[in-house]
Ligand code: 4NP
């Protein structure tokens with residue numbers, strides 16, 4: 001299973017999602033891969049936002065070696081599951097392909113992980129220093145729920 005997490009800049013939300021999914025995958029002893037990307041190119045080549053690195057570190061998760069990249073049309077063929085952090089990202093990813101098989105791989109992360117989720121988008125914390133802990137908590141929970149779901153419903 002190859003999973004791609006996607007946000008706008010690939011410096012705040014999707015790097016945390018990548019790190020948390022990686023950790024959850026390792027804890028379950030799975031041979032799955034995860035990467036992240038952004039729909040925008042503003043931060044290509046940059047490490048994660050220092051506030052994302054810090055909130056991860058506070059929870060014993062190291063994401064400082066990640067580097068931002070922009071999503072490529074080939075990612076739609078390469079990955080099995082492409083997880084958008086919010087509806088804007090979701091629409092922008094879908095705009096990259098008309099192929100029904102590829103489009104079916106694109107999902108909104110929180111409701112895909114938990115269909116009963118009351119919060120359906122990961123809020124963009126870029127302009128809000130206080131938002132990073134909430135983003136971390138949302139993503140940590142969703143990462144575990146996603147693996148529960150995928151392992152119960154192998155496809
Ligand atoms: P991200 O957050 O999409 O979670 O990485 C953002 C990062 C950068 C910008 C916006 C959101 N920006 O406008 O540069």
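Sorting 122, 44 by the number of Cβ atoms found within 10 Å of their own Cβ, with the fewest placed first, yields 44, 122.
The calculated P(r) of the stretch 85-147, using every Cα pair and 5 Å bins from 0, goes 4, 17, 24, 21, 18, 11, 4, 1 in percent. Among 39, 5, sorting on how many other beta-carbon atoms sit within 10 Å of each Cβ, with the fewest leading, yields 39, 5.
If you take the Cα centroid of the stretch 104-123 and the Cα centroid of the stretch 46-70, the two points sit 22 Å apart.
Histogrammed with a bin width of 5 Å, the alpha carbon distances of the chain distribute as 2, 10, 21, 24, 23, 14, 5, 1, 0 percent, first bin at zero. Take every Cα pair under 8 Å whose residues are at least 6 apart in sequence, average their separation, divide by the length of the chain, and the relative contact order is 26 percent. Going from the fewest other Cβ atoms within 10 Å to the most, the residues 119, 3, 25 appear in the order 119, 25, 3. Counting only DSSP H runs of at least 4 residues, each contributing -39500 (n - 2.57), and dividing by the residue count of the chain, the helix-based mean residue ellipticity at 222 nm comes to -12500 deg cm²/dmol. Averaged over residues, the count of other Cβ atoms within 10 Å places the peptides 8-17, 57-66 in the sequence 8-17, 57-66, highest first.
Determine the shape class of the stretch 27-85: with a ≥ b ≥ c the square roots of the Cα gyration tensor eigenvalues, call it rounded for a/c under 1.5, and otherwise prolate if a/b is greater than b/c, oblate otherwise.
oblate
Every number here is computed from the coordinates shown, using simple stated rules; none is lab data. Quantities reported herein were computed from a predicted structural model and do not represent experimental measurements. Neighbour counts run over all protein chains shown; Cβ positions are idealised from the backbone, glycine included.
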